[in-house]
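Taking it in order: structure first as C-alpha cells, then the write-up.
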Amino acid sequence: MEQLYRTKLEDGLFPTRWSKAGEPLDRQYTVGASSDSGYEYLLKQYLMSGDTKALTQYLESINGIIQQLLYVTPTRELLYIASMNHQTVTHDFEHLACFLPGLLALGAHTIPDDRLSAKE
C-alpha cells in the first residue's frame, strides 16, 4: 500500500497498467477492468484497518472520477462513467464499472462527516 500512496496519480485516477515496481505505465483511466478493484479496496482497507492514507486516496480517487469521468447524456440525461486515454474521453461503458454506485453508497454511509469537505 505504501507504494501506491507514494505514487503520483493524475487526479487520483488509477492507470490500467503498472510496472512490477508499482509505477504507472500508461495514461489510460477507467473504473472498469484493470482498475475497478483498486478503487474498491481503498475504501475496504480504511474500513477494516482504519488506514487514513487509504481513506485519503479513496477520496482523491472518487473526486477524480467525478471530475474527469462522470458524464450525463444530452438527450435522456442518463448518468454514466466514461474512460479516458491520454486526456481524451472515450464514451464507452465497461461492465465492471457497475460496482461504482455501491462503492459510493458504502462510502457515503461509513465515512465520518468530518472527513468530507463540501465538494466531496
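Derivation of every value follows stated rules applied to the coordinates shown; laboratory data play no part. Just so it is clear, the model here is predicted, and its values are computed rather than measured. Virtual Cβ from ideal backbone geometry, glycine too; neighbours counted across all protein chains shown.
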- Task: Give the relative contact order (percent, whole number) for the chain; include only Cα pairs under 8 Å separated by 6+ residues.
- Result: 24 percent
- Message: Given R₀ = 25 Å, what would the calculated FRET efficiency be for Glu77 paired with Lys8, taking r from the Cβ atoms and rounding to 0.05?
- Response: 0.10
- In nm, to one decimal, how far is the Met48 label point from the Phe99 one, both placed 7 Å along Cα→Cβ? 1.2 nm
- Query: Which distance in Å, rounded to a whole number, links the C-alpha centroids of region 44-62 and region 1-40?
  - Reply: 15 Å
- Task: Pull out the extension gain between Thr88 and Leu70, defined as 0.36 nm times the separation in residues minus the alpha carbon to alpha carbon distance; nm, one decimal.
- Result: 5.1 nm
- Item | Karplus-derived HN-Hα couplings along region 15-32 (A = 6.51, B = -1.76, C = 1.60, θ = phi - 60°), whole Hz, x at Gly and Pro | x, 7, 10, 10, 6, 5, 7, x, 9, x, 10, 8, 10, 9, 10, 7, 9, x
- Message: How large is the Rg to Rh ratio of region 7-120 when both quantities use alpha carbon positions and Rh follows Kirkwood?
- Response: 0.96
